[in-house]
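For reference, the structure is listed below as C-alpha cells.
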Amino acid sequence: MTTQSVLDKQSIVVLSLLAAVAVLVPVLNGLAVPGSALHLSDHLVPLLGKYICFALLALSVDLIWGYCGILSLGHGAFFALGGYAMGMYLMRQIGPRGVYAHPVLPDFMVFLNWKDLPWFWYGFDVFPFAMLMVLLVPGILAFIFGWLAFRSRVTGVYLSIITQAMTYALMLAFFRNNMGFGGNNGLTDFKDILGFPLQSASTRRVLFVLSVAALGAGYLLCRWLVGSKFGKVLVAVRDAESRTRFLGYRVEHYKLAVFTISAMLAGVAGALYVPQVGIINPSEFAPANSIELVIWVAVGGRGTLAGAILGALVVNAGKTWFTGALPEFWLFALGGLFIFVTLFTPRGILGAGQGLWERAKQMLGSKPSRSSFSGGGVVP
Amino acid sequence: MSAPVTPTLLYLDDITVSFDGFRALNSLSLAIDHAEMRAIIGPNGAGKTTMMDVITGKTRPDQGTALFEGSHDLTVLDEAAIAELGIGRKFQTPTVFEMHSVEDNLLLAIKDKRGPFLTLFSRRTTLERERIEVLLERIRLTAHRYRKAGELSHGQKQWLEIGMLLAQEPKLLLIDEPAAGMTDQETADTAELLRDIAKTKAVVVVEHDMTFVRDLNVKVTCLHDGSVLAEGSLDAVSANERVVEVYLGR
C-alpha cells in the first residue's frame, strides 16, 4: 500500500486520549461539586486550553522540522499573527463598551487620537472573515517568505537564522504604536466571542473542547500528509535533498507547500489561544518563544507528531509548576532538559519510551512488531 | 536558436567551467550516442564530476553548448527538468533514502508526476507494483524490500541506487564510480548489470578501477585538466603516452 493507514495504532491512541480529555475536563469543571477532589477549578480550564494550543503549534513545527528538515526558529510569528487576527475580531466585538465608549474605534486608537479605523481593520467585525484571515495571513506570509528562501536554496542554519530575523522584525514592527495593533500593550480587554461572554465558565469549556478538536483535526491532517507519497518525498528531502532533486522532484515546491500548511496550523493555534488567555501582544513574536517551542518538539520526540503533542504538554506543565515553585530556575531547567534530551534521548520521550517497550517485549519473548511510531524516524 | 541537427543523444561542445579562476572544465567536448556505453577515466581533479554536474544542471557552464537529443539545452534547465527529460544520475557515494524502505526508495524514483499535489493524492497502481517487482528482482533486493535502505550493505546500496535510476526510465544514465568499495564478485556483477542496461540505454560510467573498465569493454574517454586527453578503445587509450604520463603511471 502506498499510504499507510491514517488510523494506525498511534493515531488511535492519540485520538482516544484527546477525546477523553475533551470530555473529562468540561465534566470535571462543570458537573463535579466545587470543593470536591474531582472538581477542576475554573482557572485551570483556560490554562489547559493554552497547553492544547501550544501542542497544535508544536505539531506544526514537527511537520516541517521532523519530516522535512526545515528548522524554523520563527514559527511563533505565525502563531502570533493568527492570534492577532482573532484579537482584532474580539476588539471589534467590544464596540461601545470600551473605556472611551467609541462605537467603532478600539480604545487604543481613541487614545492615539485616531479618527478613522485603518483599512486593514475593515471586515474584522465579521467572524467568518476574521477566521479566514487567521488562515490566510500566516499562510500568505509563509508562502512569500518560503518562496524567496527556498527558491534561493537557503537551507540549514541559514534558514533558521532568517526565520529568527523574520519574527524579530515583526516583533519590533508590532511594538510600534502607529502600526495600528495596539503597540506594546497589544490587544486585550476582550468581552465576548460570537455573543458569548469570554469570562463565563461555559464559554471557556467550549473553547477548550474546540481547541482539543482542532488539535485532533490538525493531527489527522499531518498524519495524512506524512503517510502519503507527498510525505515520503518530504522525508526524502530531509535525508538526501540533492538525490531528491536528481530524481526530478522540485524540492522547493515541496518545502513551500509544507511550510505554508504548517504556518496555517500555527495560525489556528494562535487564534484559539488568544480568547483563552485574553490578550495578544508583541511579546508573542519574541525569538525566545520560537526557540522554546522547538525544544518542546525535541523533548517529545521529533518526527513522530505524537511526540510534539506530548512534549508541548509536558514542558508547559513543567513550566507552570516551576515558575510557581522555583521561578528563577525555570530557564536553567529548560536549558538542562534540552541538553539532556539531545545527549541521552535524541528521539525524545516518545523514542525513549518506545525503545524501553521494545526491549521489554523482547525480554518477554514475543517477537518485535513493526513499530507504529516509525512515521519518519530521525537521523540524528 | 535553431537546433543543430546532431545524431547524438548527448552533445557537449566547448564547455568551460571556472571556480574562482580554476578551470574545472576547459572547453570540453564529448558526444554520447543512443544506447552507447562510455567509460570516463582520468586522475582526480580532471573534471569528471564537474562534467556530470553540468549535464544534470547542478552547475552552469561559463560557456559552451550542452544539448540533449539535439534540441534540449541543458545549460538553461534545472535539475528536476533535466531528470524529467530522461537523464539519471548515480552519485559517487551511494545516496539512497536511508530512512525509507527499499521498496519506497524505488517507488519515489518510479517515473510518475512529480508535483506536490499529485503525490499527495497518488495511489500505487498495479503497473507500478509490477515495475517494482521487476526492479527488485533485477537488483537482487527482493528479499530486502521491507528493510530500511540505511541497513543495507554498501554494495546493496550501490545497486539500489542503480535500481532507482532504472525506475526513472532514463535515456541516459550517469554513473559515478559504481565499483567503489565493492568486493571483486560484486564488481564483476555490477559490470554485467551495466552491460545489460546499456543494451537499451546510454550509460556513462566514471571509474578508477581499470579491471572494471576492462570488464565493461567499451569505448573509453580519458579526461585531464578539464578536457579530453584521449578517446578510443581501452587498449588504444592505455597505449597513449600522455595518458600513461598523467594517469596510469609508468
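The simple Förster model, with R0 at 45 Å and r as the Cβ-Cβ distance, assigns A:N177 and B:R123 a FRET efficiency of 0.25.
Placing dummy labels 7 Å off each Cα toward the beta-carbon, the span from A:I161 to A:L331 is 2.3 nm. The spacing between the stretch A:46-95 and the stretch A:129-150, judged by their C-alpha centroids, is 13 Å.
Considering only DSSP states other than H, G, I, E and B, which chymotrypsin sites (Phe, Trp or Tyr not before Pro) in the stretch B:136-230 qualify as loop sites with at most 16 other Cβ atoms within 10 Å? Answer in residue order: B:Y146.
Each helix, a run of at least 4 DSSP H residues, gives -39500 (n - 2.57); summed and divided by the residues of chain A, these come to -22500 deg cm²/dmol at 222 nm.
Once R0 is set to 25 Å, what does the formula 1/(1 + (r/R0)^6) return for the Cβ-Cβ distance between B:E245 and B:A31, expressed as a FRET efficiency to the nearest 0.05? It would help to have the intermediate numbers written out before the result.
Working: r = 26 Å, r/R0 = 1.02.
Approximately 0.45, to the nearest 0.05.
Peptide B:93-105 is shielded by partner chain Cβ atoms: per residue, an average of 4 of them sit within 10 Å of its Cβ. Here the 3J(HN,Hα) profile of the stretch A:329-342, calculated from phi with Karplus coefficients 6.51, -1.76 and 1.60 at θ = phi - 60°, is 9, 4, 5, 5, 5, 5, x, x, 4, 4, 5, 4, 5, 4 Hz, Gly and Pro shown as x. Classify the stretch B:129-196 from the C-alpha gyration tensor, please: rounded if a/c falls under 1.5, else prolate or oblate depending on whether a/b exceeds b/c. Oblate, since a/c reaches 1.5 and b/c is not below a/b. Consider a paramagnetic label point 7 Å from the Cα of A:S152 along Cα→Cβ; state which residues of the stretch A:161-189 have an amide N under 14 Å from it. From the stretch A:161-189, the list is A:161-166.
Which whole-number value in Å³ per residue fits the convex hull of the alpha carbons of the protein assembly as shown? Can you show the working numbers first?
Values: hull volume 129.5 nm³, N = 630.
Value for the protein assembly as shown: 206 Å³ per residue.
Report, in degrees rounded to the nearest 10, the 0 to 90 angle that the Cα long axis of helix A:287-300 makes with the longest principal axis of chain A. It works out to around 40 degrees. Once the chain from A:T320 to A:Q362 is taken as fully extended at 0.36 nm per residue, the excess over their C-alpha distance is 11.3 nm. Label-to-label distance for A:F344 and A:F129 is 5.5 nm, based on points extended 7 Å past Cα in the beta-carbon direction. Residue farthest toward the positive end of the dipole of the protein assembly as shown, with Cβ of Lys/Arg at +1 and Asp/Glu at -1: which of A:P275, A:V235, B:V204? Value computed over the given set: A:P275.
With a ≥ b ≥ c taken as the square roots of the eigenvalues of the C-alpha gyration tensor of chain B, please select rounded if a/c is under 1.5 and otherwise prolate if a/b is larger than b/c or oblate if it is not?
Note, shape of chain B comes out oblate.
Taking amide H atoms as placed 1.01 Å from N in the peptide plane, the amide H of B:K90 lies under 5 Å from those of B:L174, B:I175, B:D176, each 5 or more residues away in sequence or on another chain. Oblate is the label for the stretch A:170-269, because a/c, from the alpha-carbon gyration tensor with a ≥ b ≥ c as root eigenvalues, is 1.5 or above and a/b does not exceed b/c. Candidate cross-link partners of A:K50 among the lysines, defined by an alpha-carbon separation under 16 Å and a same-chain spacing of 8 or more, comprise A:K319. For the stretch A:53-113, the relative contact order works out to 16 percent when only alpha carbon pairs closer than 8 Å and six or more residues apart are counted. Here r is the Cβ-Cβ distance between B:S153 and A:L28 and R0 is 41 Å; the resulting FRET efficiency, rounded to 0.05, is 0.15.
Distance between the C-alpha centres of the stretch B:78-128 and the stretch A:194-257: 23 Å, rounded to the whole angstrom. Here the scattering of the stretch A:202-261 is modelled by Debye summation over its C-alpha atoms, one equal scatterer each and no solvent; at q = 0.12, 0.22, 0.29 Å⁻¹ the log10 of I(q)/I(0) is -0.42, -0.84, -1.14.
For the stretch A:9-284, the direction-averaged projected area of the alpha-carbon convex hull comes to 16.1 nm². Just to confirm the number: angle between the C-alpha axis of helix A:201-227 and the first principal axis of chain A, 0 to 90 degrees, nearest 10? On a 0 to 90 degree scale, this one is about 40.
The mean sequence separation of alpha-carbon pairs under 8 Å and at least six residues apart, normalised by the residue count of the stretch B:83-212, gives a relative contact order of 36 percent.
Computed from Cα positions, the angle between helix A:44-68 and the longest principal axis of chain A comes to roughly 50 degrees. Contact order, relative form, for chain B: 27 percent (alpha carbon pairs under 8 Å, 6 or more residues apart, mean separation divided by residue count).
Read-outs throughout are calculated quantities, based only on the coordinates presented, and are distinct from any laboratory measurement. These numbers were taken from a predicted model, which means no experiment stands behind them. Using ideal geometry, Cβ is built from the backbone for each residue, glycine included, and neighbour counts are taken over all protein chains shown.
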